[in-house]
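The structure under discussion appears below in the form of structure tokens.
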Amino acid sequence: MSDFKSSCLSALRRHASRIGQTRSLVGLDGFVDTIVTPVGLRRGQGDSFTPIATLSEFGQRIVAAAGKSTNIELYPRMDKLGGNGPIMANALLAHGTQLTYVGALGASAIHPVFADLARRATVVSLAAPAHTTAVECEDGKLMLGQMRSLDDITFERLQSSLGEAGLRTALTSADLIALVNWTMIPNMTEIFEALVDRVLPSLSGMKARFFFDLADPEKRAVEDLRRALRAISRFEQFGRVTLGLNLKEAQQVAAALGVTPGDESEASLRATAAALRAALRIDTVVVHPRAAAACATASGTAWVPGPYTEKPLITTGAGDHFNAGFSTGQLLGLDAESCLTLGVSTSGHYVRTGESPTLGQLESFLANWR
């Protein structure tokens, strides 16, 4: 077994029992995801069809319809809990942390796709969930979102839903505070700023690590992104901050900060993570393309390959599972390389099975990873 795998497996076996004493606070989105396969050639009813295999082929179908029209059938595979926050929360719960979830889980009642989450965690709903149709192909996915309900997520709604005392208690009792999906929540920057200006300075005994995930900021203006990054940097006054990025997000953030964007080679991933960490002045930056992952911390950089598979069962939520695995490593006090290894292993297990792994299952995954 490679050194990074055996080292992570040994550390996990030593420290896994501590996860039940940790508390995580996660938010603020919530989606109902409908996973679909685009139909290329139908041969009969149900799933008797040849799918459109790649996004390139899917795009060519659309381009060919310009000036005319076309019909593309989207065959439903499943409805499932979605959104960066709920998926990350589910993975953290599978690992064993105690969890509070605050987000868009239902207007008057919790939506049925979040029922299991609500049974296993303390949940507070701020708004109705958004909806995503996830078109999955062999080489990637196209996420088609309807997210007007996320406009209702504001700092005022957060404070009124939890109560001032409840918000303070949730923040001070957490070992991990993960605020994700900045791109799709229009008021998220204002929430960041309200927390660092009005709430966190008045709290004593803060012990949390902060984790942020932007969720593909391509559709947001560059100045909006820079403002959000400035706000994220300010959380470092109150605890150690981690910014998690996939490769595309890392390139977008690099461009916004005037850092040379990199590719997915090991040297480039290490350099990109280090440059972004220096520019943002935060504790940790993680960059995770599909086949590897790297991070930069005060101790330097680390990199691990991933257990990549060309035939995943599911890809929607893979990045959120990586984030949960990496964060669990941080909760357990593992070193950067082992945190990365838990991240890629959590994601690797999920894309093969469609299920969030327990720490016991991750031990088996690591022991059998060849």
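Report the full-extension gain for the segment residue 161 to residue 6: residue separation times 0.36 nm, less the Cα-Cα distance, to one decimal in nm. Gain on stretching residue 161 to residue 6: 51.3 nm. Most tightly packed first, judged by the mean number of other beta-carbon atoms within 10 Å of their residues, the peptides 250-257, 199-206, 83-90 read 83-90, 250-257, 199-206. Within the chain, DSSP assigns beta bridges of which about 45% are antiparallel (rounded to the nearest 5).
Working out 0.36 nm times the residue gap between residue 206 and residue 151, then minus their Cα-Cα distance, what length gain in nm do you get to one decimal?
Result: 16.9 nm gained on full extension.
Summary of the geometry: the stretch 113-170 and the stretch 257-273, compared by the centres of their Cα atoms, lie 31 Å apart. Put simply, when 305-312, 286-293, 183-190 are sorted by average Cβ atoms within 10 angstrom per residue, most first, you get 286-293, 183-190, 305-312.
Placing a label point 7 Å from the Cα of residue 266 along the Cα-to-Cβ direction, the residues of the stretch 291-310 whose backbone N falls under 15 Å of that point are 291-295, 301-307.
Could you order peptides 99-108, 294-303, 361-370, 316-325 by the average number of other Cβ atoms within 10 Å of their residues, highest first?
On the way: 99-108: 22.5, 294-303: 19.1, 361-370: 15.8, 316-325: 27.2.
The peptides rank, most packed first, as 316-325, 99-108, 294-303, 361-370.
Using the Cβ-Cβ distance between residue 310 and residue 120 with R0 set to 41 Å, the FRET efficiency from 1/(1 + (r/R0)^6) comes to roughly 0.80. Take the Cβ-Cβ distance between residue 298 and residue 72 as r, set R0 to 51 Å, and report the resulting FRET efficiency rounded to the nearest 0.05. Efficiency for this residue pair is about 0.55.
Per residue, the average separation of C-alpha pairs within less than 8 Å and at least 6 apart gives the chain a relative contact order of 18 percent.
Coordinate-derived values only; no laboratory data. For clarity, every value in this text was computed on a predicted model and none was experimentally measured. Methodologically, a virtual Cβ is constructed for each residue, glycine included, from the backbone with ideal geometry; neighbour enumeration extends over all protein chains shown.
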